[in-house]
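Peer 1: Pasting a structure here, questions to come.
The values are calculated or read from the model by the stated rules, or taken from the named source; none is laboratory data. Not measured: the values here are computed from a predicted model. Neighbour counts run over all protein chains shown; Cβ positions are idealised from the backbone, glycine included. SASA here: full protein model, heavy atoms, side chains in, ligands and nucleic acids out. Shrake-Rupley method; radii C 1.70, N 1.55, O 1.52, S 1.80 Å.
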Amino acid sequence: MEEFIESWIMHKIGGEARTDLADSDQKWEQLHCKLQEHDPKQLLADHQLLFRIHTTNQKEPQREDYDDAAQFKADYQDYQTHRPDTRSEIEFNDHWVSFTDSFDVITSKEFAKKRMRGLVIVAKPDKAIKVYPQITNVKGDFADEKEVVAPFSEQNTIEVLNYHAFISKYHPE
């Protein structure tokens, strides 16, 4: 199971979709059952809020990428005007996928560098596994991402917000 978790976390954020979802779903289900019996602290509390960035094919323009402020403004307005409906572009498929349980991760400079600034999916799944406590032997700063894995279900999705609306609504006081 350690190899599976290590390969999961080494998958590039924002990269190509995973191709082995049926197999990985089965492994996450098995691990969830095992943790329920032997180490429930590794599971997330029922219905705790989780966050996931959904990047679209069209990336949101970032101010720091532009030398010309007028061009940035024009591109940003075009992006906002021609965005597809937020929920219709998301494929809720009940496969186990990565989330985070941290607002700070979603708004981090690290996520910004990786171009993770699309829509933010806010969910309250009925089951989830904390990945970060299980990766102590893996080199890297993966624990900083506070990764949690849970089924990606529309019924457990609270809302889908653009990045700025997410910050306004969920910023900790």
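Peer 1: Any idea which of (1) modelled with pLDDT of 90 or more; (2) touching a helix residue (DSSP H, G or I) at 6+ places or on another chain (Cβ under 8 Å) is the one residue 121 doesn't satisfy?
Peer 2: The single condition residue 121 does not satisfy is (2).
Peer 1: Tell me, yes or no, whether region 155-164 has at least one residue that is at pLDDT 90 or above and assigned to a loop (DSSP other than H, G, I, E, B).
Peer 2: Yes - at least one qualifying residue is present in region 155-164.
Peer 1: Let me ask another. Determine, yes or no, whether residue 60 is outside any loop (DSSP other than H, G, I, E, B) and either open to solvent by less than 80 Å² (accessible area, probe 1.4 Å) or modelled with pLDDT under 90 (or both).
Peer 2: no
Peer 1: A further question on this structure: For region 125-134, enumerate the residues that are buried (at least 16 other Cβ atoms within 10 Å of the Cβ), among the charged types (D, E, K, R) and in a loop (DSSP other than H, G, I, E, B).
Peer 2: Filtering region 125-134 for residues buried (at least 16 other Cβ atoms within 10 Å of the Cβ) gives 125, 127-132, 134.
Subset that is among the charged types (D, E, K, R): 127, 130.
The one that is buried (at least 16 other Cβ atoms within 10 Å of the Cβ), among the charged types (D, E, K, R) and in a loop (DSSP other than H, G, I, E, B): 127.
Peer 1: I've got another one for you. Do we have any residue at all in region 45-55 that's touching a Lys or Arg at 6+ places or on another chain (Cβ under 6 Å) and modelled with pLDDT under 90?
Peer 2: yes
Peer 1: Restricting to region 81-118, and then to whatever is open to solvent by less than 60 Å² (accessible area, probe 1.4 Å), out of contact with any Lys or Arg (no Cβ under 9 Å at 6 or more places or on another chain) and not in a loop (DSSP other than H, G, I, E, B), can you tell me which residue is modelled with the lowest pLDDT?
Peer 2: Ranking the qualifying residues of region 81-118, first place goes to 112.
Peer 1: Enumerate the pairs (first residue in region 20-38 and in contact (Cβ under 8 Å) with a residue 60 or more places away in the chain; second residue anywhere and among the hydrophobic types (A, V, I, L, M, F, W, C) and open to solvent by 60 Å² or more (accessible area, probe 1.4 Å)) with beta-carbon separation below 7 Å, excluding pairs fewer than 6 apart on the same chain, so at least 6 apart or on different chains.
Peer 2: Partner pairs satisfying both residue conditions: 31/1.
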